[in-house]
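Asks: This is the structure I want to talk about, given as structure tokens.
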Amino acid sequence: MANQTTPPRGLSRPGKWARGAAGVAVLFLASEALGRAGIVDRSYLPPASSITGRALELFGDTTFLFNVRVTLTAWALGMLLAIAISVPLGLLLGSVPAVNTAVRAIVEFLRPIPSVALIPLAGLVLGSGLNMEVPLIVYACSWPILFNTMYGLDDVDPTAKETLRSFGFGRIQVLLRVSLPSAAPFIATGVRLAASIALILAVGTEILSGFGDGLGMFIAQAGTAPDGTRDVLAGTLWAGCLGLVIDTLLVQAENRAFRWHKAQRSGAS
Amino acid sequence: MTAATLTAPAARRGGRAGRLARGVLHRWLPLAVLIACWEAATRASDSPFFPPPSKIAERMRDLWFSGPPSHLFLNAEAGDSIAPSLARMAFSLAACVVAGVVLGIALGRSERVLAYLEPLLQFARVIPPPTLVPVFIVLFEFGTQMQVASIIFSAIWPILLNTADGARSVDQMQMATAEAFRLSAFERIRFVILPASLPKIFAGVRLALSLSLILMVFSELLPGTTDGLGFELTNAQSQSDLPTLWSVIVLLGILGYLFNTILLAVERRFLRWHRGARKADQ
């Protein structure tokens with residue numbers, strides 16, 4: 001298959017780093033030049049140096065850090081609950097076909113509802129803050145984890161299951177000793193997809209909720225202030241960094257834990 | 001005809017019909033039971049937040065589906081609220097696919113250029129898209145322009161990066177063969193690179209589809225919009241009109257389901273030859 005031959009030809013690792021850095025530097029300088037030459041209105045699109053400067057400044061700002069912490073708390077709580085709900089549910093649906101067929105229609109009906117559409121309803125029913133953020137995150141994040149768990153169970157080597165069964169292990173034992181470990185790489189991919197969705201939901205609900213705390217709230221308030229674009233972009237830079245750190249950590253953890261697994265080669269990106 | 005020849009196929013057909021009926025029952029009965037329970041529970045509790053499903057269905061009919069059959073039962077109101085949303089989303093998604101695939105193939109085939117841009121692209125991908133919407137509100141005009149920009153900026157990355165990934169990992173032997181047959185650059189892209197990248201491209205499009213649906217609603221929820229389903233949501237929220245709120249949510253679920261089904265059908269059509277398609281793209 002095509003993806004078994006990833007050609008690592010040409011560039012060395014430092015070469016790649018240098019080019020990447022050069023790319024960032026060019027963008028930085030271009031925005032600087034456009035801003036300073038007055039081609040772009042600075043209050044509309046401030047130059048990169050002032051955005052990064054402001055972002056660094058925010059790092060020492062305790063209220064801002066508090067906002068970031070609120071967002072991360074919602075993110076983490078939502079993710080934990082979503083994992084705690086969807087992995088067992090996925091194991092159940094993936095290993096008992098009768099339940100799967102029965103629940104399928106309900107799942108197919110619920111899944112395509114875009115989670116942000118629930119924000120106004122959740123606002124009315126659940127109020128604001130973590131109370132409303134966490135359930136929305138759980139709802140949105142459960143799907144990728146659930147489906148990847150079921151998909152992973154589909155992929156389990158039947159010989160391994162039969163072997164364990166012939167040694168007299170029960171259904172649950174086979175599930176825990178064979179199916180769960182071999183589905184784990186798929187579950188991890190689901191968790192990684194869910195992590196970015198959770199961040200979208202956390203920040204998105206905060207932007208829309210109108211009051212409260214959080215990184216999204218900071219951005220929304222800065223957006224309405226005159227000359228607030230610099231703060232908005234600094235907050236966005238922060239949000240991007242959070243996303244980058246989360247994504248990198250999860251990818252590294254996956255690579256380390258599942259080096260043995262072929263799904264790594266053909267897995268999602 | 002003897003009785004024996006008659007009964008054998010009839011019995012088999014009966015068996016098959018029975019199995020089919022059981023299958024349908026097994027598949028749809030739980031959903032029906034759930035809806036019935038929901039109906040009963042909401043009627044019993046009479047909570048203003050949770051209207052019974054029958055009331056939601058009724059509201060949906062009044063809102064959008066009271067038109068003539070020649071218009072698929074859609075009425076004028078549907079044209080005012082559903083059409084603008086869908087038009088924005090379809091336009092943005094089409095733009096994302098075209099731009100993402102073209103740029104992705106270019107980047108995937110040129111390792112140097114990709115090396116220059118990779119950190120920026122990866123960073124753009126991980127920014128949660130809603131944070132940029134306030135920026136787009138400042139940069140673009142309120143309404144359609146801002147909404148299209150938000151959708152494109154969030155949905156293009158999965159397509160672009162997946163295409164680049166697919167184009168980069170085309171089999172060396174295939175490329176060498178194409179060279180030996182002296183295919184032109186266009187032919188190489190058309191007959192070798194594009195087909196080899198398709199599974200990855202579709203994986204990206206699937207992500208982009210759900211992202212664009214999310215951003216379509218999100219960008220309409222913000223103040224300054226005057227039409228669309230998201231606007232209808234905020235409008236209903238401000239009037240505490242819960243049946244309408246629920247109706248829009250159900251409608252969005254139906255639309256999301258339709259889009260997914262269409263995309264899957266297209267994908268199946270394009271990837272029929274690709275045995276491992278289901279494996280490569282989850």
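Asks: All but one of (1) over 23 Å from residue B:150 (Cα atoms); (2) within 7 Å of chain A (Cβ to nearest Cβ); (3) in contact with a Gly (Cβ under 8 Å, 6 or more places away or on another chain) hold for residue B:221; state the number of the condition that does not hold.
Replies: Checking residue B:221 against (1) over 23 Å from residue B:150 (Cα atoms); (2) within 7 Å of chain A (Cβ to nearest Cβ); (3) in contact with a Gly (Cβ under 8 Å, 6 or more places away or on another chain), the one that fails is (1).
Asks: How do the pairs read when you match residues in the range A:64-88 that are within 15 Å of residue A:146 (Cβ to Cβ) with residues anywhere that are charged (D, E, K, R), using Cβ under 9 Å and keeping only pairs 6 or more apart or on different chains?
Replies: Once the first residue is within 15 Å of residue A:146 (Cβ to Cβ) and sits in the range A:64-88, its partners that are charged (D, E, K, R) give A:78/A:133.
Asks: Then there is this: From A:93, A:110, A:124, which residue is surrounded by fewer than 20 Cβ atoms within 10 Å (Cβ to Cβ), closer than 30 Å to residue B:23 by Cβ and of a type outside the set (Asp, Glu)?
Replies: A:110
Asks: Okay, moving on. Working carefully through the options A:209, A:166, find the one that is surrounded by 17 or more Cβ atoms within 10 Å (Cβ to Cβ) and of a type in the set (S, T, N, Q).
Replies: Testing whether each residue is surrounded by 17 or more Cβ atoms within 10 Å (Cβ to Cβ) and of a type in the set (S, T, N, Q) leaves just A:209.
Asks: May I pose another question? Given the conditions (1) over 23 Å from residue B:213 (Cβ atoms); (2) modelled with pLDDT under 85; (3) in contact with a helix residue (DSSP H, G or I) (Cβ under 9 Å, 6 or more places away or on another chain); (4) more than 9 Å from every other protein chain (Cβ to nearest Cβ), which single one is not true for residue A:231?
Replies: (2)
Asks: Residue B:177 - would you say it is more than 20 Å from residue B:95 (Cβ to Cβ), of a type outside the set (A, V, I, L, M, F, W, C), surrounded by fewer than 24 Cβ atoms within 10 Å (Cβ to Cβ) and under 25 Å from the mean Cα position of the chain (by Cα)?
Replies: The answer is no for residue B:177.
Asks: Let me ask you something else. Being part of a helix (DSSP H, G or I) and touching a Lys or Arg at 6+ places or on another chain (Cβ under 8 Å) is the filter here; which residues of the range A:37-65 pass it?
Replies: Selection gives A:50, A:51, A:54.
Asks: Residues B:198, B:183, B:194: which one is more than 30 Å from residue B:228 (Cα to Cα) and free of Cβ contacts under 8 Å to residues at least 40 places away in the same chain?
Replies: Being more than 30 Å from residue B:228 (Cα to Cα) and free of Cβ contacts under 8 Å to residues at least 40 places away in the same chain holds for just one of B:198, B:183, B:194, which is B:183.
Asks: Name the residues in the range B:255-266 that are more than 8 Å from chain A (Cβ to nearest Cβ) and either closer than 20 Å to residue A:136 by Cα or in contact with a Lys or Arg (Cβ under 8 Å, 6 or more places away or on another chain) (or both), would you?
Replies: Correct list: B:263 only.
Asks: Another question, if that's okay. Going through A:103, A:68 one at a time, which residue ends up being assigned to a helix (DSSP H, G or I), farther than 30 Å from residue B:258 by Cα and out of contact with any Phe, Trp or Tyr (no Cβ under 6 Å at 6 or more places or on another chain)?
Replies: Step by step, each of A:103, A:68 is checked, and only A:68 is assigned to a helix (DSSP H, G or I), farther than 30 Å from residue B:258 by Cα and out of contact with any Phe, Trp or Tyr (no Cβ under 6 Å at 6 or more places or on another chain).
The values are calculated or read from the model by the stated rules, or taken from the named source; none is laboratory data. All values derive from a computational prediction rather than experimental measurement. A quick note on method: Cβ atoms are made from the backbone with ideal geometry, for glycine too, and the neighbour counts reach across all protein chains shown.
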